[in-house]
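A short worksheet on the structure shown next.
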Amino acid sequence: MDSKIIHAACMGAAVTMIATGVAIIEQERNTIYIPREPRINAIAQREFFIDNILNRGDRHCVEQIRMKPVVLYRLCDVLTSHDLLRSTQNVSIREQIIVFLQIVGQNQRFCFISGIYYRSVETIHRYFRIVLKAILKLYKHLIKDPEDIVPAEIMNNRRFYSYFKV
């Protein structure tokens, strides 16, 4: 009789396990799966944001990046003509410069800008440093060394001469 009870208990446990398995499989089959797709098109949103800055008017552009679109495009041309900045596969020169100008002109943080442009903080930081180095190299082309001649008005004026002693 003990073997019949043990056998019945084992059969009951097996039936319970099979019923539980069938219930789990049925529940999984009835679950609605949400396909994993990007929720936004980051490239389109990024381009929309840049175009919004540049095409909404000169005043808006100056408020955002502290320069007019014409000046921005001229800066892009100067940096590319002197081979100081290049467009990459993922980030255009225009985007690199706009990100740089927003960080510098608006005192924005890298994490805030990375959220706007759907880029990592590391990518924003990398391109910020690249543009900064490129702009610093422009001094050779834009800044003229002062002449060693002190103007006569300063040389003969006791008020200013102390600052310009030779």
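The values are calculated or read from the model by the stated rules, or taken from the named source; none is laboratory data. No experiment lies behind these values; they were computed from the predicted model shown. Cβ atoms come from the backbone with ideal geometry, glycine included; neighbour counts cover every protein chain shown. With ligands, DNA and RNA removed, areas are computed over all heavy atoms of the protein, side chains included. Shrake-Rupley method; radii C 1.70, N 1.55, O 1.52, S 1.80 Å.
See the values below:
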| read-out | value |
| --- | --- |
| Residue check for ARG59: closer than 22 Å to ARG129 by Cα, in a helix (DSSP H, G or I) and open to solvent by 50 Å² or more (accessible area, probe 1.4 Å) | no |
| Test: PHE110 is in contact (Cβ under 8 Å) with a residue 12 or more places away in the chain, closer than 24 Å to ASN41 by Cβ and either touching a His at 6+ places or on another chain (Cβ under 9 Å) or open to solvent by 30 Å² or more (accessible area, probe 1.4 Å) (or both) | yes |
| The listed residue being of a type in the set (Val, Ile, Thr), in contact (Cβ under 8 Å) with a residue 24 or more places away in the chain and open to solvent by less than 40 Å² (accessible area, probe 1.4 Å), out of ILE130, ILE53 | ILE53 |
| Residue in region 80-102 that is within 23 Å of ALA42 (Cα to Cα), assigned to a helix (DSSP H, G or I) and open to solvent by 100 Å² or more (accessible area, probe 1.4 Å) present | no |
| Hey, ARG46 open to solvent by less than 100 Å² (accessible area, probe 1.4 Å) and modelled with pLDDT of 85 or more or not | yes |
